[in-house]
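The values are calculated or read from the model by the stated rules, or taken from the named source; none is laboratory data. Keep in mind it's a predicted model, so treat the numbers as computed, not measured. Here the Cβ positions follow ideal geometry from the backbone for every residue, glycine too, while neighbour counts run over all protein chains shown.
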Amino acid sequence: MSASGFEPVTVPRLAALKREGRKIAAMTAYDASFARAMDEAGMDIVLVGDSLGHVVQGRRSTVPVTLEDMAYHTRCVARAISRPLLMADLPFLSFQGSADRALADAGVLMRAGAHMVKGEGAGPFAANAAYLAARGVPVCGHIGLTPQFVHSLGGYRVQGRGAHGARLLAEAKELADAGISLLVLEAVPAALAAEISAAVTVPTIGIGAGPSCDGQVLVMHDALGMGPRRPRFVRDFLAGQGGIVAALSAYVEAVRQGTFPAAQE
């Protein structure tokens, strides 16, 4: 599917998609070639994720990824896309540091071409989200499994089960009140993700969070069957397709039609 003839995806457009009940398709990209393919496939959001620490740099976690790494890959992706909204991750201890540091680092990524920055965590970090939003920086929150906190979480595990679900719901509302424009829910029970999505006015983007979120995001390497292991919530969209653009288009269509994720995913 060509992106020609489609208006660029903006922050207000994402909000309108939620109001209209239309699903949002997002995926990570780290270079110009794959970013161009995502543009052609009609992707709504391209995320330059610090997951590059895993899939590009071969590291065990995202913690070692630097601001310079993020800015470099953001510049690469920004040169290749015209329609999708470009989001970039604030690296470890950027969003979680002082408000001034978060603002300075967000400025680096915005000048590199990002339209929005994503910060992991809530609670005390909601103040930083408000600080950025008040200064014209669109912010995406990220709660549930937050990979930058992997050491304190004790591994990559589902979050929000049982009584902990109330805490995640409260965090989602707190971030929404702080002025975020988007919210990623990672590895949380589907029922909780549905409850959060109904409780906040900002669009929710799920990864391993069931079908009731307002959109879905996958790491590109996982979606193309290139990862060392495939998480249960991932589908290999390259299988049976004629090429990369066809696979990405199949993902976009599956998200928009509500056929991904399926119950077993």
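The listed residues are Gly160, Gly144, Gly119, and the only one of them that is surrounded by 15 or more Cβ atoms within 10 Å (Cβ to Cβ) and on the phi < 0 side of the Ramachandran plot turns out to be Gly119.
Residues being closer than 21 Å to Ala178 by Cβ, of a type in the set (Gly, Ala, Ser) and not in a loop (DSSP other than H, G, I, E, B) are entirely absent from segment 145-158.
In segment 81-102, what residues are free of Cβ contacts under 8 Å to residues at least 60 places away in the same chain, surrounded by 18 or more Cβ atoms within 10 Å (Cβ to Cβ) and not in a strand (DSSP E or B)?
If the condition is that a residue be free of Cβ contacts under 8 Å to residues at least 60 places away in the same chain, surrounded by 18 or more Cβ atoms within 10 Å (Cβ to Cβ) and not in a strand (DSSP E or B), then Ile81, Leu90, Pro91, Phe92, Ser94, Phe95, Gln96, Ala102 are the ones that fit.
Pairs only if they're at least six apart or on different chains, beta carbon under 7 angstrom, first in segment 1-27 and more than 24 Å from Ala247 (Cα to Cα) and at pLDDT 95 or above, second part of a loop (DSSP other than H, G, I, E, B) and not hydrophobic (A, V, I, L, M, F, W, C); list them, first residue then second. Partner pairs satisfying both residue conditions: Val11/Pro138; Val11/Ser181; Ala15/Pro203; Lys18/Pro203; Lys18/Asp214. For segment 52-80, a residue qualifies if it is part of a loop (DSSP other than H, G, I, E, B) and surrounded by fewer than 23 Cβ atoms within 10 Å (Cβ to Cβ), and the qualifying residues are Val56, Gln57, Gly58, Arg59, Arg60, Ser61, Thr62, Val63, Pro64, Thr66, Arg79, Ala80. Is one or more of the residues making up segment 125-143 closer than 18 Å to Val63 by Cβ, in contact with a Phe, Trp or Tyr (Cβ under 9 Å, 6 or more places away or on another chain) and part of a loop (DSSP other than H, G, I, E, B)? No, there is no match, as no residue in segment 125-143 is closer than 18 Å to Val63 by Cβ, in contact with a Phe, Trp or Tyr (Cβ under 9 Å, 6 or more places away or on another chain) and part of a loop (DSSP other than H, G, I, E, B).
Taking (1) touching a helix residue (DSSP H, G or I) at 6+ places or on another chain (Cβ under 8 Å); (2) of a type in the set (Phe, Trp, Tyr); (3) at pLDDT below 95 in turn, Phe260 satisfies each apart from (3).
Selection of segment 159-170 for residues being free of Cβ contacts under 8 Å to residues at least 24 places away in the same chain and in a helix (DSSP H, G or I) yields His164, Ala166, Arg167, Ala170. I'd like to check something: does segment 191-204 contain any residue that is part of a loop (DSSP other than H, G, I, E, B) and either over 18 Å from the mean Cα position of the chain (by Cα) or of a type in the set (A, V, I, L, M, F, W, C) (or both)? Yes - at least one qualifying residue is present in segment 191-204.
Checking segment 171-189 against the condition returns a match, with at least one residue being in a loop (DSSP other than H, G, I, E, B), within 18 Å of Val139 (Cβ to Cβ) and either charged (D, E, K, R) or under 15 Å from the mean Cα position of the chain (by Cα) (or both).
If we keep just the residues of segment 236-263 that are part of a loop (DSSP other than H, G, I, E, B) and within 17 Å of the chain's Cα centre (by Cα), which is nearest to Gly210 (Cα to Cα)? Step by step, filter segment 236-263, then rank; the result is Pro261.
Residue-level check: of (1) part of a helix (DSSP H, G or I); (2) closer than 24 Å to Pro228 by Cα; (3) not polar (S, T, N, Q), Glu40 misses just (2). Selection of segment 186-200 for residues being surrounded by fewer than 22 Cβ atoms within 10 Å (Cβ to Cβ) and closer than 14 Å to Arg167 by Cβ yields Pro189, Glu195, Ala199. Residues that are among the β-branched types (Val, Ile, Thr) and touching a strand residue (DSSP E or B) at 6+ places or on another chain (Cβ under 9 Å) were ranked within segment 226-265; the one that is surrounded by the fewest Cβ atoms within 10 Å (Cβ to Cβ) is Val234.
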